[in-house]
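Below: one structure, written as structure tokens.
Read the figures in this text as sums done on the coordinates, not as results from a lab. These numbers come from a predicted model, not from an experiment. Neighbour counts run over all protein chains shown; Cβ positions are idealised from the backbone, glycine included.
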Amino acid sequence: MKRGLFFWLEKLKIAPGERKAISGLLVLLVLLGGFNLALSPSVPFEDGEYLELEQQFAERTAMLKAEEEKLMEQYYPPSKKQIAETRIDTVSDDSTSNKEAGDTVEEVREADQNTNKERINVNKANKERLETLPGIGPTYAKRIVTYRNENGAFKSFEELKNIKGIAQKRLDKLMPFIKLKDSE
């Protein structure tokens with residue numbers, strides 16, 4: 001064994017001084033590795049230091065989850081027993097006016113609160129009805145109605161991205177609240 005090691009070292013052509021230096025470094029490496037395993041790693045921070053921050057995070061997360069559930073419950077009711085009253089919601093020739101089919105803005109908003117559990121058909125909804133969608137204000141609603149009047153009914157949700165200001169991110173937020181056809 002001793003001769004095999006000697007000849008192996010000779011094949012490497014390492015000088016005796018280099019052998020001693022490498023052996024010393026290997027011994028030092030083994031000793032430091034042993035000390036590292038023997039000593040327990042120190043914890044940089046105690047659990048109590050982050051407790052207040054974790055509580056604030058948990059409270060905010062619970063609040064946001066409750067808001068999301070409330071919003072989703074509005075559009076996806078838990079039971080199908082409740083059938084929302086349907087209201088004729090068509091676009092007249094002048095779809096940008098404040099009165100649509102005899103409804104005032106207040107009547108439209110009041111009716112929207114009563115029938116908020118159903119998706120809004122972007123091909124038939126008037127400007128005031130479109131304004132109830134999240135992220136859609138008077139300007140976007142007017143653009144949707146104008147585009148619909150000029151180009152006809154929307155055939156796909158992707159077509160909504162042709163409207164100035166509606167990109168994929170805004171479309172993704174609208175998807176749970178809109179539809180293209182009435183289900184009958």
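What ranking do 142-154, 64-76 get when scored by the average of other Cβ atoms within 10 Å per residue, highest first? Working shown, then result.
On the way: 142-154: 15.5, 64-76: 10.9.
Highest-to-lowest ranking by the protection proxy: 142-154, 64-76.
Which order do peptides 52-61, 168-177 fall in by mean Cβ count within 10 Å, highest first? Don't skip to the end; give the middle numbers.
On the way: 52-61: 9.9, 168-177: 13.9.
Per-residue mean Cβ counts within 10 Å order the peptides as 168-177, 52-61.
In what sequence, highest mean first, do 1-8, 18-25, 157-164 appear when ranked by Cβ atoms within 10 angstrom?
On the way: 1-8: 7.9, 18-25: 11.2, 157-164: 14.5.
Taking the mean over residues of other Cβ atoms within 10 Å, the ranking is 157-164, 18-25, 1-8.
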